[in-house]
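To start, the structure under review is shown below, and the notes come after it.
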Amino acid sequence: TSAALVSRMPQDDAAAALRHLRRDTLETVLEGMASNRADQLRRLITHPPHTAAGLMNPEVIVVGSDATPDEIRERIRDVAPTLDALATVFVVDAQKELRAIPARHLLTDRFDTEPTPSVRWDASIESVIGEFAIHDILALPVLDDAGDVIGAVAVDDVLEELLAERL
């Protein structure tokens, strides 16, 4: 069924697909899913589609700056993230300074952090694309109005957006 198919998709891709459905069809698909997943998708599709939040995947790993490598490994195992979510672990300290542990560090069992750019939830897709053009990153954290990480845009999301524009 459509609900089963959408349930298996990454949240950002599922939201993008659902935005194209008529309201009655959308509700039918969402009603066929587990309520938690349907609720997550309902929240995600409320974001305007041409903003960072409309493009983001809310499944990200965020840890405090005091997290140990073992705690980070455990968190990655617990969440069983998709490759997009695993690409970067975001680290936030008490002053809400945001840093990242890039995938290349995780793959070599290093937990060094690096400064990372971020965007607000309402940033335009053009500004998101600009951040990827300027910075050598795989994921760009998306912040809410309070400065908390609510998701991330992965580089593949940007490529999909650019391809869609081109085609």
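The values are calculated or read from the model by the stated rules, or taken from the named source; none is laboratory data. Treat the numbers as computed from the prediction; the structure is a model and nothing was measured. We place every Cβ from the backbone using ideal geometry, glycine too, and count neighbours over all the protein chains shown. Keep in mind that these areas ignore ligands, DNA and RNA; they rest on the heavy atoms of the full protein, side chains included. Shrake-Rupley method; radii C 1.70, N 1.55, O 1.52, S 1.80 Å.
Per q in 0.09, 0.10, 0.20 1/Å, what log10 I(q)/I(0) does a Debye calculation on the alpha-carbon atoms of the chain return?
-0.31, -0.38, -1.33
Using a 1.4 Å probe, what is the accessible area per residue for the chain, in Å²?
Each residue of the chain exposes 56 Å² on average to a 1.4 Å probe.
In nm, what is the difference between 0.36 nm times the number of residues separating Lys96 and Glu165 and their Cα-Cα distance?
Extra length from Lys96 to Glu165 when fully extended: 21.4 nm.
Relative contact order for the chain: what percent, with Cα pairs under 8 Å and sequence separation of 6 or more?
Relative contact order, the chain: 20 percent.
Ignoring ligands, DNA and RNA, how do His47, His135 rank by accessible area with a 1.4 Å probe, largest first?
The ranking, largest first, comes out as His135, His47.
Go ahead and set up a Gaussian network model of the chain, Cα springs under 10 Å, then flag whichever of Leu106, Leu138, Leu21 fluctuates most.
Checking each option, the largest mean-square fluctuation is seen for Leu21.
Compute log10 of I(q)/I(0) for the range 1-64 with the Debye formula, placing one identical point scatterer on every Cα and leaving out solvent, at q = 0.13, 0.16, 0.22, 0.29 Å⁻¹, to two decimals.
Once normalised to I(0) and log-transformed, intensities are -0.32, -0.48, -0.87, -1.38.
I want the local charge near Arg77. Using Cβ-Cβ distances under 15 Å, sum +1 for each Lys or Arg and -1 for each Asp or Glu among the other residues.
Neighbour charge sum, excluding Arg77 itself: -4.
Would you mind counting up the charge near Val6? Only other residues with Cβ under 11 Å from its Cβ, with Lys and Arg at +1 and Asp and Glu at -1.
Surrounding charge for Val6 is +1.
Given springs between every Cα pair under 10 Å in a Gaussian network model of the chain, which of Ala67, Ala146, Ala100 has the largest fluctuation?
Result: Ala146 has the largest fluctuation of those listed.
Using only the alpha-carbon atoms, how far is helix 155-166 inclined from the longest principal axis of the chain? Give it as 0 to 90 degrees, nearest 10.
Rounded to the nearest ten degrees, it is 40.
List the residues of the range 52-74 whose backbone N lies under 16 Å from a point placed 7 Å from the Cα of Glu126 along the Cα-to-Cβ direction.
52
For the chain, what % of the accessible area comes from carbon and sulfur atoms, probe 1.4 Å?
The value for the chain is 55 percent carbon and sulfur by accessible area.
Do any trypsin sites (Lys or Arg not before Pro) in the range 1-84 lie in a DSSP loop with no more than 10 other beta carbon atoms within 10 Å, and if so, which?
Arg22
For the chain, what does -39500 (n - 2.57) per DSSP helix run (n ≥ 4), summed and divided by total residues, give at 222 nm, in deg cm²/dmol to the nearest 500?
That calculation yields -13000 deg cm²/dmol at 222 nm.
Report the equivalent ellipsoid semi-axes for the range 97-167 in whole Å, largest first, defined as the square roots of five times the eigenvalues of the gyration tensor built from alpha carbon atoms.
22, 17, 9
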